[in-house]
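Input: a single structure, listed below in structure tokens.
The numbers here are math on the coordinates, done by the rules we state, and not lab data. A quick note: this is a predicted structure, and the numbers were derived from the prediction, not measured. Virtual Cβ from ideal backbone geometry, glycine too; neighbours counted across all protein chains shown.
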Amino acid sequence: MQSISYKLVEFMLLFIVLPISLALSFLIWIKLIIGVLGFAYIIFVLLKVEKNQFRVSKNLNWKVFWKETFIKLIIIAIITIAFVWFTDKDVLFNVIINKPKLWIIILFFYSLFSVYPQELIYRTFFFQRYQKLFSNHKLFIFVNAIVFSLAHFFFRNSLVILLTFLGGLLFALTFNKTKSTLLVSIEHAIYGSWLFTVGMGEMLAFPS
């Protein structure tokens, strides 16, 4: 399971074939089974092959992380508020104003059951399994962002693909710097929650 040929086949199946197949039209329960099996395989490899112990490092630089995340959030907020205002200002902060309880519930479940699994797959697993296959580190980061956006291909929305590609770049750079699934998950949750809050949740399939 550690050979280059095995990892290349694994990469193609998990990060190319599987996401594209989920964008095809067939029964939702079959898609769920495929997704669950894929995730179970990834957890198995992380635990049994890569010997990942899922420990939180005691040497995390929280001060730098929060500072950098806050600066990036301000930039994202300015851009997205302007975007929603000029494209559909009626939905600007609509959910948090009109349905605050729903807003809290969705953000909780999104952060716990969507963000963290995504970061286990696309940062923890991806970096541990495939980083050594790339001699060019910038290309590796770029490929990580590409496959992360491909995971959202089933939305069939070019803006979603663009946003998830940009998000993939940010998250890959954060993980590359911190080597922390926890930190990159927090960052991912903050930016995703903001998009829902500002009024872009519908295109990302958030209940509204």
* Asked: Is the stretch 130-208 best put as rounded, prolate or oblate by its Cα gyration tensor, with a ≥ b ≥ c the root eigenvalues, rounded for a/c under 1.5, and otherwise prolate when a/b is larger than b/c, oblate when not?
  -> oblate
* Asked: By how many degrees, 0 to 90 and rounded to 10, does the Cα axis of helix 100-110 deviate from the longest principal axis of the chain?
  -> 10 degrees
* Asked: Can you list the HN-Hα couplings for the stretch 67-79, worked out from phi with the Karplus curve (6.51, -1.76, 1.60; θ = phi - 60°), rounded to whole Hz and with x for Gly and Pro?
  -> 5, 5, 5, 5, 4, 5, 5, 4, 5, 4, 4, 4, 5
* **the stretch 136-146 - phi-based ³J(HN,Hα) in whole Hz, Karplus 6.51/-1.76/1.60, Gly and Pro as x** => 9, 5, 5, 5, 4, 4, 4, 5, 4, 5, 4
* To do: Label the stretch 163-208 by shape, choosing from rounded, prolate and oblate, from the square roots a ≥ b ≥ c of the eigenvalues of the Cα gyration tensor; if a/c is under 1.5 it is rounded, and otherwise prolate applies when a/b is larger than b/c, oblate when it is not.
  => prolate
* Structure fact -> Residues other than Arg123 with Cβ under 12 Å of its Cβ, Lys/Arg counted +1 and Asp/Glu -1, net out at +1
* To do: Mind sorting Arg123, Arg129 by how few other Cβ atoms lie within 10 Å of their own Cβ, fewest first?
  => Arg129, Arg123
* **Cα-based shape type of the stretch 57-204, given that a ≥ b ≥ c are square roots of the gyration tensor eigenvalues and the cut on a/c is 1.5** => prolate
* Please state the relative contact order of the chain as a whole percent: Cα pairs under 8 Å, 6+ residues apart? -> 31 percent
